[in-house]
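To start, the structure under review is shown below, and the notes come after it.
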Amino acid sequence: MRRAIWSLVCVGLLGSSLAWADESVEKVQHRLQSASEVLQELMSAPDKGIPEEVIKSAKCIAVIPHEINGGLAFGARYGKGVATCRTANGDWSAPGFFTITGGSWGAQIGIEGVDNVLMIMNQKGMDRLLSSKFTIGADASAAAGPIGRHAAAGTDWKLNTEILSYSRSKGLFAGVTLNGAVVRPDRNAMQAFYAGKATMKDVLLGRIPPPPAARTFLAAVRDAEMQSRKQARE
């Protein structure tokens, strides 16, 4: 009798675990879809978007869609994002998932419907993204990114800035600073999406092939890059 009861308990726990995993995968896929939409909407306003020079030079692109920001009612600043980096063959890697907490997210934080985009501009910035944790503005240099079809020749965005940051709220897009924000790998999302078989470093370095569920997001990244080039020629 006891053995039968124990068997039923184990089955129940297994069912709960599988349900949790399914829910997590669904949430991660929703994050990918939201990030794709942020990039697509961004490119619909070429005169106020990320300049072609910035996208062309970026080592990684990270998107924090507004649907997943939380905790603002309690004074906390929290978001969940998705990133991809250029691989050795010039393509974009499978997506890596991260969280971002604290810090100053610019004047628009706290307004409903805020999207954030981080452009990782050099190897140092990419190394930070591959680490276990880093603080924007302290461990990694950051600045508000330029906007428009072209980055002004007189700006110093190309020098040693590791991260260029942007924010969009209610259709308005501008460069903002995210100083003090802490970025960490989202291990729960990574485990759910890759079934526990991938690390942030392996994924962003291109060691893990992109799964089918990543196609929409990566297509949006490639399209954003191509659109920026097209708009720069117009």
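Read-outs throughout are calculated quantities, based only on the coordinates presented, and are distinct from any laboratory measurement. All figures in this text were calculated on a predicted structure; none of them were measured in a lab. So basically every Cβ, Gly included, is an ideal-geometry build from the backbone, and we count neighbours across all protein chains shown.
What is the fewest-to-most order of Asp202, Asp186 by other Cβ atoms lying within 10 Å of their Cβ? Could you put the intermediate results ahead of the total?
Working: Asp202 17, Asp186 21.
Least to most surrounded, the residues fall as Asp202, Asp186.
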Quiz item: Taking a threshold of 18 Å on the Cα-Cα distance, which of the pairs Lys27/Lys201; Lys59/Lys197; Lys59/Lys124; Lys124/Lys201; Lys80/Lys197 fall above it?
Solution: Lys27/Lys201; Lys59/Lys197; Lys80/Lys197
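Got a sec? How would Arg187, Arg128 order by Cβ neighbour count within 10 Å, fewest to most? List each step's numbers first, then the result.
Values: Arg187 15, Arg128 20.
With the fewest neighbours first, Arg187, Arg128 line up as Arg187, Arg128.
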Quiz item: Hey, with R₀ at 22 Å, roughly what FRET efficiency would Ser132 and Val25 work out to, going by the Cβ-Cβ distance, to 0.05?
Solution: 0.40
Quiz item: Label-point separation (nm) for Asn188 and Ala88, each offset 7 Å from Cα along Cα-to-Cβ?
Solution: 3.5
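Tell me the net charge near Ala140. Cut-off is 15 Å between Cβ atoms, Ala140 excluded, with +1 for each Lys or Arg and -1 for each Asp or Glu. Don't jump to the answer; show the numbers that get you there.
On the way: positive: Lys59, Lys124, Arg128, Lys133, Arg184; negative: Asp127, Asp139, Glu162.
Result for the neighbourhood of Ala140: +2.
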Quiz item: Tell me, Tyr194, Tyr166 in order of fewest to most beta-carbon neighbours within 10 Å?
Solution: Tyr194, Tyr166
